[in-house]
1. Scan segment 33-59 for residues that are crowded, with 16+ Cβ neighbours inside 10 Å and either touching a Cys at 6+ places or on another chain (Cβ under 7 Å) or not basic (Lys, Arg) (or both) and report the count.
2. Output the qualifying pairs, or none if there are none: Cβ atoms under 9 angstrom, residues six or more apart or on different chains, first residue in segment 8-24 and without any contact (Cβ under 8 Å) to a residue 40 or more places away in the chain and under 12 Å from Leu42 (Cα atoms), second residue of a type in the set (Phe, Trp, Tyr) and surrounded by 14 or more Cβ atoms within 10 Å (Cβ to Cβ).
3. Could you please find all residues in segment 122-148 being of a type in the set (Gly, Ala, Ser), more than 40 Å from the chain's Cα centre (by Cα) and either in a helix (DSSP H, G or I) or outside the structural domain of Asn104 (by TED's automatic domain parsing) (or both)?
4. Look through segment 50-68, keep the residues that are among the basic types (Lys, Arg) and within 21 Å of Lys25 (Cβ to Cβ), and return whichever of them is modelled with the lowest pLDDT.
5. Among the residues of segment 108-151, what is the count of those that are within 11 Å of Thr202 (Cα to Cα) and in contact with an Asp or Glu (Cβ under 8 Å, 6 or more places away or on another chain)?
Amino acid sequence: MSEQNPYETLGLAKTASFEEIQAAKQKLSAQYEGDRAVVDKLEAAYDAIIMDRLRQRQQGTLDVPDKIRFAETSQKKAQASQPLVKSPELPQWLVNLRDTPETNTLYTALGVNGAIAIAGIFLATDLTSTLLTVALIANIYLLYRKEQRFGRAALIGIVALVAGIALGSGVNAILNSTGVTVAIAPEHLLLVLTSIVFGLGTSFLR
């Protein structure tokens, strides 16, 4: 085989694809398998072509087929669109429990519970239990209007009542232990805090 450029050595045009280059190298290597000098020359030509293609690619002078270019671009876009840190997803039951209230619903829930809290402040402390019962019934009704599911409304209402009483009792205990006095009786403070929990729960849960 006479002195030729790498493409001529493999019998290829300079526009040959990578698959054609590989196929030509394998075919000629098999053809001249017994001639080590020729096989070495074919290997050298193949390596020279690969290095030339790499140089052209780095310089941007290599004509990349559209389908390959499009695939690379799509892959880069897909990788760029993926968030670096995947946001944790909320459990479905919690998603179903949340609510974005309409303005009227929000005002109604806060207004009813605010009225109960204000009324309780001006009434005797022994009526606190009665007012809490009234608040529970009112909030169960408001919750029931959203989904028409009484069991769920009752459960949310009871949980809100327990949470409110726990919050009020905790605040009263802290105030007593620190010697801080407030302008209203402990029972009234408990009612106010429970009403706040009721108002928020009825507004943003369903």
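The values are calculated or read from the model by the stated rules, or taken from the named source; none is laboratory data. Source: prediction; values computed, not measured. Virtual Cβ from ideal backbone geometry, glycine too; neighbours counted across all protein chains shown.
1. Taking segment 33-59 first, the residues crowded, with 16+ Cβ neighbours inside 10 Å are 38-39, 41-42, 45-46, 49.
From what is left, the residues that are either touching a Cys at 6+ places or on another chain (Cβ under 7 Å) or not basic (Lys, Arg) (or both) are 38-39, 42, 45-46, 49.
Looking only at that region, the number is 6.
2. Partner pairs satisfying both residue conditions: Thr9/Tyr46; Leu10/Tyr46; Ile21/Tyr7; Ile21/Tyr46; Gln22/Tyr46; Ala24/Tyr46.
3. As a first pass, look at segment 122-148 and keep what is of a type in the set (Gly, Ala, Ser): 124, 129, 135, 138.
When the remaining residues are screened for being more than 40 Å from the chain's Cα centre (by Cα), the result is 124, 129.
Once the filter is applied, which keeps residues that are of a type in the set (Gly, Ala, Ser), more than 40 Å from the chain's Cα centre (by Cα) and either in a helix (DSSP H, G or I) or outside the structural domain of Asn104 (by TED's automatic domain parsing) (or both), segment 122-148 yields only Ser129.
4. The first filter runs over segment 50-68 and keeps only residues among the basic types (Lys, Arg), leaving 53, 55, 57, 67.
Now restrict to residues that are within 21 Å of Lys25 (Cβ to Cβ): 53, 55, 57.
On the way: Arg53: 83, Arg55: 85, Arg57: 80.
Residue satisfying both the conditions and the ranking: Arg57.
5. 1
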